[in-house]
Amino acid sequence: MASHTRKAFLCLGRINASGLGLQRPASRVSYATDKPINSSAGNKGFPDRGGRGFVRRPRRPVGEPRTEKMPVDQDWTAVYPAATPFRPNSVPLPLRMGYPVKGGVPPEKKGNLELMKIPNFLHLTPAAIKKHCEALKPFCTEWPSALDTDATCDEHFPIKVDGTDYVSAGPSVRNPSARVVHLKVKLSSLNLDDHASKKMLKLVGNRYCKDTDIITIKADSCPLRQQNHDYAMYLLTVLYHESWKTEAWEAEKAVADMEEYSWEDSPSQRNILDALVRMKAAGEGEGEEVREQLLGRREVQEYKDSVTRLKNEGESESSMLQYKEAVKKVLNL
Amino acid sequence: MAAPMALRRQLFDLTRILGGISHLGPRAVGACSGHRPCNIIRSRLPLASSTSFHTTTVFSSTPSSITVTEEADTLFQKVSLLVKGHDRSVLDSYELFATMAAKELNITINEVHEHPKDMDRFTLLKSVHIFKNHRVQYEMRTHYRCIELSHITGCTAQVYLEYVQRNLPEGVAMAVTKTAMEKVPDHILEPMWEDHPIDDKLSQ
């Protein structure tokens, strides 16, 4: 499948070459399947049986470089259709590369090893890229126009699955890190009620990030990415359904297990009510109605809010100030 | 939930392909945000293609077909290419190539940035035997380039990544991180239990 696109643009290069009429002889560019031009098999440098010494094959005179014959408006994609090493006689540019001789200039391109060593992008000129992309466009699809913002994407497609591919040169194309899959989902996008979401958080533990409200499940125990993906989805399914269940032992949930601080039935409530009752002293008797009446008072409610805020959010300037104001009001200071 | 349309087309004329067939894009349901645009079609490259590189008669006789199936296309919210190499100018040229290719294929480029280079240094003894006071130091420099693309479909991502990876220069490595978006599967939409507050049998 991959070779098709490659052949497509290589063939593209050749088609354009033939379209121009080929001002230069095609036999200059030799491929492995071409028949050998030189049919003199016997004269390859071995001496004749009778002759003395070394009879070297007479060398062809070196012709002028191809760059002399290149027209200015030629099709460069035909000269360099694929990634090839640098050929000084095929590149009509006055390039110089290397460390300059003392008092001189960097060496020229003829016989320059530095230019040959570095990977060149002569086959990827903007014209070539445009041609390649034109051939590749039919295989692409458009992004749906309705999903233009991240918010709409999150709303319709809340589950994000991360996978990584690695490309590098080496004895093997495989990379074991490519099997790792991260599954990220926002807690608010799942259909959970209050008890279920709290239980889900307890089940998930430190895979939950409070700031972004995202649960991240990392699956890397299976050897293939598809398997890890399926396992992560299975884990999510199990978590979801288990969190909706209410077990018998959940009724034994103690104050220490609570996720948030609640003021009702807490030592703080008892203390403030005791203090207020003692302040009232004389007239009214002890009783539940007195306590309830005290609870209904506005200052007590404010005190309750400030204490809850302190416990849940931690200490900060504003929360301490709020607590101070509430205490002053409640105790009539 | 609208069902995906069943489309099947065969294109046998390659010149039509090169002419730029723009109607291969998805027949998306309108811009209504309530519907999920689900009838995105995927075009698969043909497996049986007999175009050979070395033959002189290239195009005219071999048909090439683009098949369109009703399988839903994957949607990638973000595709991040991290390229690593020893030579910064090679990465510069490669970035130019990758960004230009993305522009030609109408892929939105989020950001292109360069991570600071890593220097791997170590000190070795200069001589084979003794002479501990004479050392030689080597270092390996790894330069990075990160190209982030957003909002790509699975087909486009496949095409683009393959093109860009085939033209990866020597001595350069790449890591591609793809973030695919998926809908909540049907079995997670509703809890499967009946309204039992306490479920002893299933807690075994």
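The values are calculated or read from the model by the stated rules, or taken from the named source; none is laboratory data. Keep in mind it's a predicted model, so treat the numbers as computed, not measured. Methodologically, a virtual Cβ is constructed for each residue, glycine included, from the backbone with ideal geometry; neighbour enumeration extends over all protein chains shown.
Values computed for the structure shown
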item	result
Candidates A:VAL307, A:VAL255, A:VAL277, A:VAL300 - the one that is farther than 30 Å from B:MET192 by Cβ, surrounded by fewer than 17 Cβ atoms within 10 Å (Cβ to Cβ) and in contact (Cβ under 8 Å) with a residue 12 or more places away in the chain	A:VAL277
Residue in region A:128-144 that is modelled with pLDDT under 90 and among the aliphatic types (A, V, I, L, M) present	no
Options B:GLU182, B:GLU190; residue that is surrounded by fewer than 18 Cβ atoms within 10 Å (Cβ to Cβ), more than 25 Å from B:ASN106 (Cα to Cα) and facing chain A (nearest Cβ under 7 Å)	B:GLU190
Of all residues making up region B:171-193, the number that are under 12 Å from the mean Cα position of the chain (by Cα) and of a type in the set (A, V, I, L, M, F, W, C)	4
Hits in region A:175-191 - residues which are part of a loop (DSSP other than H, G, I, E, B) and within 14 Å of the chain's Cα centre (by Cα)	A:VAL180
Residue in region B:86-102 that is surrounded by the fewest Cβ atoms within 10 Å (Cβ to Cβ), counting only those that are within 9 Å of chain A (Cβ to nearest Cβ) and not β-branched (Val, Ile, Thr)	B:SER89
Elements of type helices (runs of 4 or more DSSP H) in region A:81-167, at least 2 residues being over 28 Å from the mean Cα position of the chain (by Cα)	A:113-117, A:126-136
Of the criteria (1) farther than 28 Å from A:LYS184 by Cα; (2) of a type in the set (Phe, Trp, Tyr); (3) modelled with pLDDT of 85 or more, which one A:TYR303 fails	(3)
The lone exception for A:HIS156 - which of (1) within 10 Å of chain B (Cβ to nearest Cβ); (2) at pLDDT 90 or above it fails	(2)
Tally of residues being in a loop (DSSP other than H, G, I, E, B) and within 27 Å of B:LEU168 (Cβ to Cβ) across region A:61-80	2
Any hit, region B:111-132, residues being away from chain A (no Cβ under 11 Å) and under 26 Å from A:GLU134 (Cα atoms)	yes
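Residue-wise test of (1) more than 10 Å from chain B (Cβ to nearest Cβ); (2) surrounded by 11 or more Cβ atoms within 10 Å (Cβ to Cβ); (3) assigned to a loop (DSSP other than H, G, I, E, B); (4) without any contact (Cβ under 8 Å) to a residue 24 or more places away in the chain.
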residue	(1), (2), (3), (4)
A:LEU236	no, yes, no, no
A:ALA251	no, no, no, yes
A:ASP265	yes, no, yes, yes
A:ASN271	yes, no, no, yes
